[in-house]
1. Name the residues in region 95-136 that are among the β-branched types (Val, Ile, Thr) and either in a helix (DSSP H, G or I) or over 23 Å from LEU27 (Cα atoms) (or both), would you?
2. So which of LEU174, LEU115, LEU129 is open to solvent by 20 Å² or more (accessible area, probe 1.4 Å), aliphatic (A, V, I, L, M) and modelled with pLDDT of 95 or more?
3. Considering only region 1-82, give the helices (runs of 4 or more DSSP H) lying wholly within it that have at least 3 residues that are over 23 Å from TYR160 (Cβ atoms).
4. Restricting attention to region 3-40, which residues are open to solvent by 50 Å² or more (accessible area, probe 1.4 Å) and hydroxyl-bearing (Ser, Thr, Tyr)?
5. List the residue pairs whose Cβ atoms are under 7 Å apart, where the first residue sits in region 71-85 and is among the hydroxyl-bearing types (Ser, Thr, Tyr), the second is assigned to a helix (DSSP H, G or I) and open to solvent by less than 60 Å² (accessible area, probe 1.4 Å), and the two are 6 or more positions apart or on different chains.
6. List, please: which pairs have Cβ atoms under 6 Å, are six or more places apart or on different chains, and start with a residue in region 94-108 that is over 18 Å from LYS65 (Cβ atoms) and end with one that is in a loop (DSSP other than H, G, I, E, B) and open to solvent by less than 40 Å² (accessible area, probe 1.4 Å)?
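The values are calculated or read from the model by the stated rules, or taken from the named source; none is laboratory data. Everything quoted here is computed from the prediction, not taken from an experiment. Cβ placement follows ideal geometry from the backbone for every residue including glycine, while neighbour counts extend to all protein chains displayed. Remember, those area values only see protein heavy atoms, side chains included, never the ligands or the DNA or RNA. Shrake-Rupley method; radii C 1.70, N 1.55, O 1.52, S 1.80 Å.
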Amino acid sequence: MNRENKILDHGYRVALLSKKLGQTMELSEEEIDYIYMAALNHDIGKQYLDIKILNKKGEITEREKIYIKMHVLLSTSKAIEKQMDVYIVKGISHHHENFDGTGYPYNLKGYEIPLQSRIIRIVDTYDNLMMGTCFGEGLRREKVIEIMDKDISKFDKDIYLKFRKMIENHDGYLSELKTAN
């Protein structure tokens, strides 16, 4: 599978799970639609990065980490270029911010991070770990939950707990999602 398809498949899975989470949280249809679009496009900037660095196995250097982080700015730029709604642009531009303030690119903390970004942050992490899109093979759901539980300070805890409950109760849906690519 080529890079563009991997990025699109990842975006699609994150969009579907983000939408489902938004529904679980009883957000408005308009918010859910915007979250879906932000999630769908959150990593679109990766298509402009060097594939050798994106697909590198094992440890990456600090310089490579900084390079990869550029995808957020590239994705945001593409969303602006396409004249996407500001709610979508913000969702994309802050999807790597951590609730504890350790994220990037702006080191936002807590509720400074837009709701849509807090949702995408959780679902993006889950999909990367499940599908093996972050420098390794995919993991079993139990291991993914264990890792995410340890990193809970990075997530909005209330949203994360709703997400966790949602995925624990929807095995069939997740199985379909895994084979959708």
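1. First, the residues of region 95-136 that are among the β-branched types (Val, Ile, Thr): 102, 113, 119-120, 122-123, 125, 133.
The answer is THR102, ILE119, ILE120, ILE122, VAL123, THR125, THR133.
2. Working: LEU174 fails: modelled with pLDDT of 95 or more; LEU129 fails: modelled with pLDDT of 95 or more.
Of LEU174, LEU115, LEU129, the one residue that is open to solvent by 20 Å² or more (accessible area, probe 1.4 Å), aliphatic (A, V, I, L, M) and modelled with pLDDT of 95 or more is LEU115.
3. 3-24, 51-54, 62-81
4. Result: TYR12, THR24, SER28, TYR34, TYR36.
5. Going by the 7 Å Cβ cut-off, the qualifying pairs are SER75/ASN41; SER75/ILE44; SER75/GLY45; SER75/ILE92; THR76/VAL89; THR76/ILE92; THR76/SER93.
6. HIS94/ILE113; HIS94/PRO114; PHE99/PHE155; PHE99/ASP156; LEU108/GLU97
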